[in-house]
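Attaching a single structure in structure tokens format; questions to follow.
The values are calculated or read from the model by the stated rules, or taken from the named source; none is laboratory data. All values derive from a computational prediction rather than experimental measurement. All Cβ positions, glycine included, derive from the backbone under ideal geometry; neighbour counts span all protein chains shown. What goes into the accessible areas is simple: the full protein's heavy atoms, side chains included, and nothing from ligands, DNA or RNA. Shrake-Rupley method; radii C 1.70, N 1.55, O 1.52, S 1.80 Å.
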Amino acid sequence: MLERTFSIIKPDAVGRNLIGDIYHRFENAGLSIIAARMLHLTREQAEGFYAEHKGKPFFDPLIKFMTSGPIMVQVLEGEDAIRRHREVIGATDPKKAQAGTIRADYAASVQQNAVHGSDSVTSAEREIAYFFSDEDICIRTR
Ligand code: RTP
Ligand code: MG
């Protein structure tokens with residue numbers, strides 16, 4: 001089923017000039033970029049985005065990390081996009097991530113793990129709407 005998912009290239013990966021490499025991996029996996037923007041999250045934006053993790057021990061360091069530099073946010077479209085995107089990304093902990101995944105190749109730790117990907121249809125819808133309006137999303141005509 002044609003699906004949309006939400007993706008972030010986190011500050012560690014943007015800082016290491018990995019945007020092109022990571023976009024290449026998405027496109028090679030059959031995921032098309034249908035909206036994209038670079039921004040530097042405010043503390044309020046980061047806390048709102050990660051609200052589900054509020055109160056967890058890693059929350060404050062996560063907010064500090066996510067506001068430490070610019071990020072790229074994008075909407076990806078493709079067959080089974082949510083699962084495919086998470087497959088290309090790899091496990092949260094880079095030590096557990098399969099060889100050849102983005103996190104296996106580029107994540108320094110569980111926290112500084114290069115990318116984010118929505119984990120369900122519900123979170124994809126919420127996360128896309130958090131950063132993009134309907135007019136930002138470009139329908140592919142070819
Ligand atoms: P994401 O949401 O970024 O795609 O990552 P995920 O689903 O694989 O991981 P999740 O459990 O949703 O956690 C969100 C982000 O919080 C940081 N984290 N740090 N134990 C820790 O120090 C810890 N656990 C999670 C990571 O940056 C993770 O991607
Ligand atoms: Mg998550």
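Taking the residues in the stretch 91-131 that are more than 9 Å from ligand 1 (Cβ to nearest atom) and of a type in the set (Val, Ile, Thr) as candidates, determine which candidate is surrounded by the fewest Cβ atoms within 10 Å (Cβ to Cβ).
The selected residue is Thr122.
Check Arg43 against each of (1) open to solvent by 90 Å² or more (accessible area, probe 1.4 Å); (2) within 16 Å of ligand 2 (Cβ to nearest atom); (3) farther than 23 Å from Arg25 by Cβ and name the one condition it does not meet.
Arg43 satisfies all of (1) open to solvent by 90 Å² or more (accessible area, probe 1.4 Å); (2) within 16 Å of ligand 2 (Cβ to nearest atom); (3) farther than 23 Å from Arg25 by Cβ except (2).
Being without any contact (Cβ under 8 Å) to a residue 24 or more places away in the chain and either in a loop (DSSP other than H, G, I, E, B) or near ligand 1 (Cβ under 8 Å from one of its atoms) (or both), is that true of even one residue in the stretch 74-90?
Residues of the stretch 74-90 without any contact (Cβ under 8 Å) to a residue 24 or more places away in the chain: 83, 90.
Still in the running and either in a loop (DSSP other than H, G, I, E, B) or near ligand 1 (Cβ under 8 Å from one of its atoms) (or both): 90.
Yes, some residue in the stretch 74-90 is without any contact (Cβ under 8 Å) to a residue 24 or more places away in the chain and either in a loop (DSSP other than H, G, I, E, B) or near ligand 1 (Cβ under 8 Å from one of its atoms) (or both).
Conditions: (1) without any contact (Cβ under 8 Å) to a residue 24 or more places away in the chain; (2) open to solvent by less than 30 Å² (accessible area, probe 1.4 Å). Gly20 meets all but one. Number of the miss?
(2)
Next question. In the stretch 2-17, how many are at negative phi, outside any helix (DSSP H, G or I) and open to solvent by 30 Å² or more (accessible area, probe 1.4 Å)?
Let us first name the residues in the stretch 2-17 that are at negative phi, namely 2-16.
Of the ones still in play, those that are also outside any helix (DSSP H, G or I) are 2-10, 16.
Checking which are open to solvent by 30 Å² or more (accessible area, probe 1.4 Å) leaves us with 2-4, 16.
Summing the residues that are at negative phi, outside any helix (DSSP H, G or I) and open to solvent by 30 Å² or more (accessible area, probe 1.4 Å) in the stretch 2-17 gives 4.
Return a yes/no flag: does the stretch 24-32 have any residue that is more than 16 Å from ligand 1 (Cβ to nearest atom) and under 14 Å from Val115 (Cβ atoms).
To start, the set of residues in the stretch 24-32 that are more than 16 Å from ligand 1 (Cβ to nearest atom) comprises 24, 27-28, 30, 32.
From the residues that got through so far, the ones that are under 14 Å from Val115 (Cβ atoms) too are 24.
Looking through the stretch 24-32, at least one residue is more than 16 Å from ligand 1 (Cβ to nearest atom) and under 14 Å from Val115 (Cβ atoms).
Between Glu52, Glu79, which is more than 19 Å from Glu127 (Cβ to Cβ), surrounded by fewer than 14 Cβ atoms within 10 Å (Cβ to Cβ) and of a type outside the set (Ser, Thr, Tyr)? Show your work before the answer.
Details: Glu52 fails: more than 19 Å from Glu127 (Cβ to Cβ).
Every option except Glu79 fails the conditions.
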